[in-house]
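Some notes on the structure that comes next.
The values are calculated or read from the model by the stated rules, or taken from the named source; none is laboratory data. Fair warning: this is a prediction, and the values are worked out from it, not measured in the lab. Note: ideal-geometry Cβ built from the backbone for every residue, glycine included; neighbour counts use all protein chains shown. Just the protein is used for accessible areas: all its heavy atoms, side chains included, with ligands, DNA and RNA removed. Shrake-Rupley method; radii C 1.70, N 1.55, O 1.52, S 1.80 Å.
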Amino acid sequence: MKSLSTWIRTLQRALALEVEKEFENFRGRREYFHEFISREIVDPPTCSLKEENVNKKLDDLAKAFIKYPGTDKPVRRHLVIKARKLLYEIGRNTDQSVQVSSPKLKFPDSSTKTIKNTFENKESIDLKSPLSSLKQIGIKSAEKLAGIGILSIKDFLEYFPRDYVDYSSLCRIASLEEGKTATIVATVRRCNSFTSPRNKNLSILELYLQDHTGKIKVTKFLAGRRFSNFSYLKSQANLYKPGVTIAVSGLVKKNPYGITFKEPLFEVMENSNSVIRSKSIGRIVPVYNLTEGISADRIRELINIILPLASFYPDPLSKEICDTFELLSKEKALIEIHRPTNQKTLKSAKRRLVFDEFLLLQLGLLLRRLELRKRRSPSFDLVGRRDGLVGNFLKSLPFLLTDAQKRVIAEIESDLVLPEPMARLLQGDVGSGKTVVATAALLNAVDSGWQGALMAPTEVLAEQHYRNLCRWLPPLHVTVDLITGSTSRLRRRQILDDLANGTLQILVGTHALIEDYVAFARLGLVVVDEQHRFGVRQRNRLLDKGLQPHLLTMTATPIPRTLALSVHGDLDVSQIDQLPPGRTPVQTKLISGAKRSEAYKLIREEVTSGQLAYIVLPLVEESEKLDLRSAVMVHAELSEEIFPDFSVGLLHGRLSSSEKQSVIRSFSEGEIQILVSTTVIEVGMDVPQASVMVIDHADRFGLAQLHQLRGRVGRGAKESYCLLINESSNDLSRHRLEIMTRSNDGFEISELDLRLRGPGQVLGTKQSGLPDFALASLCEDGKVIQEARDTAMEILRNDPSLTKNNLLKGLLQDQLDRQSMSSQLN
């Protein structure tokens, strides 16, 4: 590369000199201009030029320059210009095709070994020491950090960056790419420093830089009157004199004048081999969440002060585990997460710390599961009898079970015959038949002489389950009842008496089931529907009403199995991954608010043909803070202006239980033809005649929630429609909603929703008893989840009580204590 540039530069100098001599074919020391050019131009460095076309052009030029003396000036001028252009093109194309070596920067030795002497009394310091005990940090800084929960050295070491700015990409000026962060080493050509004529408090520093690949102008704005001082500006000009070598880092951007840097960082270098003193230039810079009174630079400075103490952190993982999964040591991971050497070491540090988080999670879940298995559960002796209640129930159904339903029933029954309690999660898409499977499980309990409980999060869903069971169970002589918050005192007393004396065999209810006054005679099985809406404590309170009853939880928000093992790692997972035959997919369409009339036209067509329609809105009433249409407003508009000839009903969470039931009954019987509702209908509505759903402000809902809502239609034989009205101009919102128009697969939609919104909102993990992860992502770290689970299982297989793994046991207890304290505060 060097010899090619030298060859081009030598020829260009000769051509430039010929221009200065006004094309006279000047004579050098040994030969004339044309003799030199015609000889040298056909002799480029070996293997530098591989294109035959370029070599041919050089040969043609050489032949033309041989005839140079016999031509007039215009021809000579044309020939010289042609030669200069070709050489320029060769140089430019070669710069682009051949990788120019990037500049190299030297950094001071920042290993923790070189700065451990910072702490004189290391014997009196440990991870639990308060930050105020370190004189390098000081009491004032320690008080400010305490405001964001950083009290000890351990807290600060585990206060991980939320992001990074990567200035470690070292490149030449010609290689800079817009939108990327980079660092260059260049030479100052010229420097201008002046005060803005429009703002006396703004000074501007302009540096004109170059390296051997190109030139760039870099501008730095200095806000403040102190920068406007003439002597300061002159000192800046003296600092960046022509010929000085400088390192520049920043975000590359493009302006009308070409490529430049946004908010650049500078450092003058004595020469290209000088050590960089800056903590940012040429490095990967961590970005932390800040607190009032402490700047980003101060946080980084404080972290660097305590980073040597990472050596105090004992590694809870054995060398064998680290070697198996190629994990960094704990000390190395903590240092690299706060002060990354490069992207590779940063990625390795994150992976190690994520592995630790998931390992503690899996150990906690598996220990909970082991503890559960030590307990004795109710004995279900008559499970699986096809001449019993379950067999008669399945025969009475007007449809055949899918293979997936049969498989899941078999999995549940295999658990129920064991002496240990069942703890199983049943996942299934909307309309996959989970209720039939749950009913079969409850009948197994009743057949063996035990009672069953079915808990749902809303009265609407609880009442739907109750209606289904009332349709299926009386012919089998099985008693069932319903208890909710709105059950009358007299009715509640009768239900509780029947429950306590064993006359009532299955009780359906909402949170009312977990009240202290609800007492079962022989509770053998608990079924929890939409389990992600309940906290672990609520679920356990219901389980405590029996002598360790079996547990079946259900969800219509299906998630990938790997993720299910993390969120519900203390449960076995069953999936109904098959829909009943004959169900027609709901036709889903995305429209803008301006085309709302199209939705109303479709509703009119369907209702006229004898079908029913839902219109769903995010708000009950108008809000001053949100510019959204509300259910109350839309109900008034539709019943008075749009559909005065139809019966339009209104359903929302503020109605009393009796009012809700009255509206639902009227809609189911066709007395109400169009139902305006909030998300109260998300679960628990089963009206086969409903064939249209319009969801207004669909961008306000998550994908999983939209899929649940859409599941309220398409339950009959007629083709059904779901129209999503999008009022947002946000491209991401539109992209999200377009997923709904392409897919009817609940597993696919839930997985995408998890990636877009995170598990906290989709799965309700805030209630699930899961810890708050510092770095781990349930969506993106699937492979690490599985590795951590395998490791946790192996550890507990060899050491069930963690007596040989005291460090892990201590970390696990610390985590449980933090969770307990957090739940008490909440």
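Tell me yes or no: at least one residue of the stretch 762-771 is among the polar types (S, T, N, Q) and either modelled with pLDDT of 70 or more or crowded, with 21+ Cβ neighbours inside 10 Å (or both).
Step one: of the stretch 762-771, the residues among the polar types (S, T, N, Q) are 765, 767-768.
Next, only the ones that are either modelled with pLDDT of 70 or more or crowded, with 21+ Cβ neighbours inside 10 Å (or both) stay: none.
There is no residue in the stretch 762-771 that is among the polar types (S, T, N, Q) and either modelled with pLDDT of 70 or more or crowded, with 21+ Cβ neighbours inside 10 Å (or both).
Just name the residue that is farthest from residue 571 (Cα to Cα) out of those in the stretch 373-420 that are of a type in the set (S, T, N, Q) and modelled with pLDDT of 90 or more.
First, the residues of the stretch 373-420 that are of a type in the set (S, T, N, Q): 377, 379, 392, 396, 402, 405, 414.
Subsequent filtering for residues that are modelled with pLDDT of 90 or more retains 392, 396, 402, 405, 414.
Numbers: 392: 29, 396: 31, 402: 24, 405: 19, 414: 15 Å.
Looking at residues that are of a type in the set (S, T, N, Q) and modelled with pLDDT of 90 or more, I get 396.
Please enumerate the residues belonging to the stretch 461-482 that are under 22 Å from residue 555 (Cα atoms) and of a type outside the set (A, V, I, L, M, F, W, C).
Within the stretch 461-482, 463, 464, 465, 466, 467, 468 meet the criteria.
How about the stretch 436-460: which of its residues are assigned to a loop (DSSP other than H, G, I, E, B) and open to solvent by 10 Å² or more (accessible area, probe 1.4 Å)?
Hits for the stretch 436-460 are 448, 449, 450, 457, 458.
Conditions tested, residue by residue: (1) surrounded by 14 or more Cβ atoms within 10 Å (Cβ to Cβ); (2) at pLDDT 90 or above; (3) under 21 Å from residue 5 (Cβ atoms).
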residue	(1), (2), (3)
17	no, no, yes
22	no, no, no
33	yes, no, no
45	yes, no, yes
58	yes, no, yes
61	yes, no, yes
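What residue, of 309, 290, 353, is farther than 30 Å from residue 812 by Cβ and either within 29 Å of the chain's Cα centre (by Cα) or not small (Gly, Ala, Ser) (or both)? Steps first, please.
Values: 309 fails: farther than 30 Å from residue 812 by Cβ; 353 fails: farther than 30 Å from residue 812 by Cβ.
Just a single option satisfies the conditions, and that option is 290.
Suppose the filter is among the small types (Gly, Ala, Ser), open to solvent by 30 Å² or more (accessible area, probe 1.4 Å) and either on the phi > 0 side of the Ramachandran plot or touching a strand residue (DSSP E or B) at 6+ places or on another chain (Cβ under 8 Å) (or both); does residue 647 pass it? Lay out the reasoning, then the answer.
Numbers: among the small types (Gly, Ala, Ser): yes; open to solvent by 30 Å² or more (accessible area, probe 1.4 Å): yes; either on the phi > 0 side of the Ramachandran plot or touching a strand residue (DSSP E or B) at 6+ places or on another chain (Cβ under 8 Å) (or both): yes.
So residue 647 passes the test.
From the list 219, 213, 195, 245, pick out the single residue that is over 30 Å from residue 4 (Cβ atoms), open to solvent by less than 50 Å² (accessible area, probe 1.4 Å) and in contact with an Asp or Glu (Cβ under 8 Å, 6 or more places away or on another chain).
On the way: 213 fails: over 30 Å from residue 4 (Cβ atoms); 195 fails: in contact with an Asp or Glu (Cβ under 8 Å, 6 or more places away or on another chain); 245 fails: over 30 Å from residue 4 (Cβ atoms).
Unique residue meeting the criteria: 219.
Taking the options 262, 332, name whichever one is closer than 30 Å to residue 187 by Cβ and among the charged types (D, E, K, R). Lay out the reasoning, then the answer.
Numbers: 332 fails: closer than 30 Å to residue 187 by Cβ.
262 is the lone residue from the list that is closer than 30 Å to residue 187 by Cβ and among the charged types (D, E, K, R).
When residue 71 is evaluated against the numbered criteria (1) open to solvent by 60 Å² or more (accessible area, probe 1.4 Å); (2) of a type in the set (Val, Ile, Thr); (3) out of contact with any helix residue (DSSP H, G or I) (no Cβ under 7 Å at 6 or more places or on another chain); (4) at pLDDT 70 or above, which criterion, by number, is the only one it fails?
So the condition that residue 71 fails would be (1).
Restricting to the stretch 410-435, name every residue that is outside any loop (DSSP other than H, G, I, E, B) and either open to solvent by 10 Å² or more (accessible area, probe 1.4 Å) or small (Gly, Ala, Ser) (or both).
Keep residues of the stretch 410-435 that are outside any loop (DSSP other than H, G, I, E, B), which gives 410-416, 423-428, 434-435.
410, 411, 413, 414, 415, 423, 424, 428, 434, 435, listed by residue number.
Can you go through 591, 576 and tell me which one is modelled with pLDDT of 85 or more, out of contact with any Ser or Thr (no Cβ under 9 Å at 6 or more places or on another chain) and open to solvent by less than 20 Å² (accessible area, probe 1.4 Å)?
Working: 576 fails: out of contact with any Ser or Thr (no Cβ under 9 Å at 6 or more places or on another chain).
Selected residue: 591, the only one of 591, 576 that is modelled with pLDDT of 85 or more, out of contact with any Ser or Thr (no Cβ under 9 Å at 6 or more places or on another chain) and open to solvent by less than 20 Å² (accessible area, probe 1.4 Å).
Report, ordered by the first and then the second residue, all pairs with beta carbons closer than 7 Å, sequence separation of six or more or different chains, a first member in the stretch 523-537 that is at positive phi and of a type outside the set (Ser, Thr, Tyr), and a second member that is at pLDDT 90 or above and crowded, with 23+ Cβ neighbours inside 10 Å.
530/456
For residue 372, which of the numbered conditions (1) under 30 Å from residue 279 (Cα atoms); (2) of a type outside the set (D, E, K, R); (3) open to solvent by 10 Å² or more (accessible area, probe 1.4 Å) fails to hold?
Every condition holds for residue 372 apart from (1).
Which members of the stretch 524-554 meet the condition of being at pLDDT below 85, β-branched (Val, Ile, Thr) and either open to solvent by less than 10 Å² (accessible area, probe 1.4 Å) or closer than 17 Å to residue 411 by Cα (or both)?
Result: no residue meets the conditions.
Which of the residues spanning the stretch 375-409 are under 28 Å from residue 536 (Cβ atoms), open to solvent by 40 Å² or more (accessible area, probe 1.4 Å) and of a type outside the set (D, E, K, R)?
379
Select, from 344, 330, the only residue that is charged (D, E, K, R), open to solvent by less than 40 Å² (accessible area, probe 1.4 Å) and more than 16 Å from residue 781 (Cβ to Cβ).
Details: 344 fails: open to solvent by less than 40 Å² (accessible area, probe 1.4 Å).
Every option except 330 fails the conditions.
Looking at the stretch 225-253, I want the residues that are over 29 Å from residue 178 (Cα atoms) and have a partner that is open to solvent by 70 Å² or more (accessible area, probe 1.4 Å) and among the aromatic types (Phe, Trp, Tyr) with Cβ atoms under 8 Å, at least 6 apart or on another chain. Which pairs are those?
From the stretch 225-253, the pairs are 233/194.
Could you list, in sequence order, the residues of the stretch 478-513 that are among the acidic types (Asp, Glu) and under 13 Å from residue 466 (Cβ atoms)?
Filtering the stretch 478-513 down to residues among the acidic types (Asp, Glu) leaves 481, 497-498.
Passing the criteria: only 481.
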